[in-house]
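Remarks on the structure that follows.
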Amino acid sequence: MQLSTQSSLLGMDRSQVAELMERFGEPGYRAQQLVEAVYRQRAESFEKISTLPQSLRASLSAGGLSIGLPPIEQRFISQDGTVRYLIGFPDGQSVETVWMPEGDGGEAGDGSEAGDQAERIEGFGGDLDRRPRQGQNPGRSTICISSQVGCAVDCQFCMTALLGVKRNLTAGEIVGQVCAVLKDQQVSPPEDRINLVFMGMGEPFLNYDNFVKAVRLLVEEVGIAERRMTVSTAGIVPRIHDFGGERIRPKLAISLNAPNDALRTQLMPLNRKWNLEMLMAAAKAYPLRTREWITFEYVLLGGVNDAAEHAKEVVELLRGMRCKVNLIALNPGAGIDFATPDTERVAAFQTILRNSGIPAYVRRPRGRDIYAACGQLKRTVEIATAPGP
Ligand code: SAH
């Protein structure tokens with residue numbers, strides 16, 4: 001019996017699960033039980049769902065269905081507590097998902113509770129006593145998730161680009177990364193406050209429909225508030241317009257990375273198709289909600305885009321916008337031909353932005369030692385640090 005074109009429950013919304021249960025001749029409340037088991041309890045097999053009768057568990061499996069919680073193939077644990085997971089899918093492909101116990105998906109200054117706390121830690125509120133202590137759930141753990149296997153955008157400073165794009169992830173595979181990590185870390189939203197950033201491998205706006213569906217499932221079924229999520233795009237302009245019209249949408253971050261077309265095209269070839277004028281027009285037209293800012297990310301490459309004159313150009317570009325800038329000093333990697341600027345240069349760049357009234361934050365590199373930081377996700381398994389269990 002052909003039950004559905006989709007064989008895994010993860011990725012199905014309530015109405016799809018309800019339809020499935022109807023086809024199995026089951027009462028309506030079974031759909032609710034199944035949805036809870038998949039998204040809240042994060043059961044890995046039908047066998048583990050004790051609320052369902054044994055006969056139904058057996059016929060679900062016999063019907064070729066599975067839950068589809070993706071297995072964790074490897075974990076790499078950083079000295080700073082960051083964990084980089086290699087998560088596998090049935091076709092042999094895998095992606096990376098990163099757990100950051102104290103954030104730094106760039107929350108500082110984003111208007112959220114996590115952001116406020118991040119700012120205090122940076123010293124802007126000065127209240128260092130509120131720094132989370134180890135072992136407590138600090139309320140600002142962040143999961144960085146991937147949207148594609150590899151990436152097609154070809155940014156010259158990013159290791160994921162070296163893979164090319166293999167395929168899009170399904171909505172279920174996007175949500176599955178979150179479920180796998182929550183289970184492994186033994187945390188459960190909404191009681192445990194989890195932030196999500198769509199900043200892993202791939203370009204979410206080139207896998208738009210699956211990304212949007214995943215967001216809805218994460219909000220409605222997994223229980224993570226949309227204000228705790230941020231999606232970052234390299235600048236797929238038509239999708240920025242579409243995204244502004246979504247009923248449920250995370251906050252928006254845009255990878256700016258250069259303040260003029262010549263430099264941006266050199267660093268991000270997609271700028272040929274969607275140049276800065278188009279990008280800035282889309283950003284200016286973007287319908288911001290109360291207490292919402294657009295974040296612009298800016299990777300600082302030593303001697304390339306990190307001079308005072310570049311900072312001044314950024315100021316001109318962003319003048320009058322409700323936005324903040326997240327500066328990211330280059331995370332180095334094999335095959336990446338750029339240098340990491342030193343701390344003073346990063347601070348000088350930040351100061352120019354701030355003095356012109358643009359909130360600017362420096363993102364702390366998380367998990368550089370295990371290749372888990374921004375731009376380092378390339379399924380690197382040959383590293384000095386011993387892999388976790
Ligand atoms: N494709 C999306 C999502 C990736 S987010 C996007 O481009 O926005 C990853 C962020 O890390 C982006 O802002 C990107 O510009 C930045 N990044 C990429 N490579 C980096 C590197 N080597 N060091 C520091 N940041 C990097």
Task: Output for region 339-372, where each listed residue is of a type in the set (Gly, Ala, Ser) and out of contact with any strand residue (DSSP E or B) (no Cβ under 8 Å at 6 or more places or on another chain) - done: Ala339, Ala348, Ser356, Gly357
Task: Any hit, region 185-203, residues being out of contact with any helix residue (DSSP H, G or I) (no Cβ under 8 Å at 6 or more places or on another chain) and basic (Lys, Arg) - done: no
Open item on the list: When you check Ala334 against the structure, is it among the hydrophobic types (A, V, I, L, M, F, W, C) and modelled with pLDDT under 95, yes or no?
Closed with: yes
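Considering only region 28-51, how many residues are outside any helix (DSSP H, G or I) and either free of Cβ contacts under 8 Å to residues at least 24 places away in the same chain or open to solvent by less than 50 Å² (accessible area, probe 1.4 Å) (or both)?
Of region 28-51, the ones outside any helix (DSSP H, G or I) are 28, 41-45, 49-51.
Among the residues that remain, those that are also either free of Cβ contacts under 8 Å to residues at least 24 places away in the same chain or open to solvent by less than 50 Å² (accessible area, probe 1.4 Å) (or both) are: 28, 41-43, 45, 49-51.
Going through region 28-51 one residue at a time, the tally reaches 8.
Rundown of residues vs (1) near the ligand (Cβ under 10 Å from one of its atoms); (2) open to solvent by 50 Å² or more (accessible area, probe 1.4 Å); (3) farther than 29 Å from Arg368 by Cα, yes/no style:
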site	(1), (2), (3)
Gln266	no, yes, no
Arg289	no, yes, yes
Leu301	yes, no, no
Glu313	no, yes, yes
Task: Asp80 vs. criteria under 30 Å from Arg368 (Cα atoms), surrounded by 13 or more Cβ atoms within 10 Å (Cβ to Cβ) and touching a residue at least 24 places away in the same chain (Cβ under 8 Å) - done: yes
Task: Ala282 vs. criteria within 16 Å of the ligand (Cβ to nearest atom) and either touching a residue at least 24 places away in the same chain (Cβ under 8 Å) or open to solvent by 20 Å² or more (accessible area, probe 1.4 Å) (or both) - done: yes
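For region 225-255, how many residues meet the condition of being in contact with a strand residue (DSSP E or B) (Cβ under 9 Å, 6 or more places away or on another chain) and among the charged types (D, E, K, R)? Reasoning before the result, please.
First, pick out the residues of region 225-255 that are in contact with a strand residue (DSSP E or B) (Cβ under 9 Å, 6 or more places away or on another chain): 226-235, 239-240, 243-244, 249-255.
Going one step further and asking which of them are among the charged types (D, E, K, R), we end up with 226-228, 239, 249, 251.
The number of residues fulfilling the criteria is 6.
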Task: Cβ-Cβ under 7 Å pairs, at least 6 apart or on other chains, region 1-22 side modelled with pLDDT under 95, far side among the basic types (Lys, Arg) - done: Leu3/Arg23
Task: Filter result for the condition that a residue is open to solvent by less than 10 Å² (accessible area, probe 1.4 Å) and within 11 Å of the ligand (Cβ to nearest atom), over Leu353, Leu330 - done: Leu330
Task: Residue list for region 11-27, filter: out of contact with any helix residue (DSSP H, G or I) (no Cβ under 7 Å at 6 or more places or on another chain), at negative phi and open to solvent by 50 Å² or more (accessible area, probe 1.4 Å) - done: Ser15, Gln16, Glu19, Glu22, Arg23, Pro27
Task: Conditions (1) within 25 Å of the chain's Cα centre (by Cα); (2) buried (at least 21 other Cβ atoms within 10 Å of the Cβ); (3) more than 16 Å from the ligand (Cβ to nearest atom); number of the one not met by Asn271 - done: (3)
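Of the residues in region 254-264, how many are among the charged types (D, E, K, R) and within 9 Å of the ligand (Cβ to nearest atom)? Give the steps one after another, and end with the answer.
Of all residues in region 254-264, those among the charged types (D, E, K, R) come to 261, 264.
Now restrict to residues that are within 9 Å of the ligand (Cβ to nearest atom): none.
Qualifying residue count for the region: 0.
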TODO: Quick one: which strands (runs of 3 or more DSSP E) lie wholly within region 135-253 and hold at least 1 residues that are surrounded by 19 or more Cβ atoms within 10 Å (Cβ to Cβ), within 10 Å of the ligand (Cβ to nearest atom) and at pLDDT 95 or above?
DONE: 141-144, 148-150, 194-198, 229-233
Open item on the list: Restricting to region 52-77, name every residue that is over 30 Å from Gly367 (Cα atoms), touching a Ser or Thr at 6+ places or on another chain (Cβ under 8 Å) and crowded, with 19+ Cβ neighbours inside 10 Å.
Closed with: Leu65, Ile67
Open item on the list: Yes or no: region 362-382 includes at least one residue that is closer than 29 Å to Phe243 by Cβ, more than 14 Å from the ligand (Cβ to nearest atom), touching a residue at least 12 places away in the same chain (Cβ under 8 Å) and open to solvent by less than 70 Å² (accessible area, probe 1.4 Å).
Closed with: yes
Open item on the list: So in region 200-226, with the set limited to residues that are over 13 Å from the mean Cα position of the chain (by Cα) and charged (D, E, K, R), which one is nearest to Asn275 (Cα to Cα)?
Closed with: Asp209
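In region 349-369, what residues are in a helix (DSSP H, G or I) and under 14 Å from Thr295 (Cα atoms)?
Here is the first cut: in region 349-369, the residues in a helix (DSSP H, G or I) are 349-355, 368-369.
Residue satisfying the conditions is Leu353 alone.
The values are calculated or read from the model by the stated rules, or taken from the named source; none is laboratory data. Since this is a predicted model, take the numbers as computed values, not measurements. When we count neighbours, we look across all protein chains shown, and the Cβ atoms used for this are built from the backbone with ideal geometry, even at glycine. Heavy atoms of the whole protein, side chains included, go into the accessibility calculation; ligands, DNA and RNA do not. Shrake-Rupley method; radii C 1.70, N 1.55, O 1.52, S 1.80 Å.
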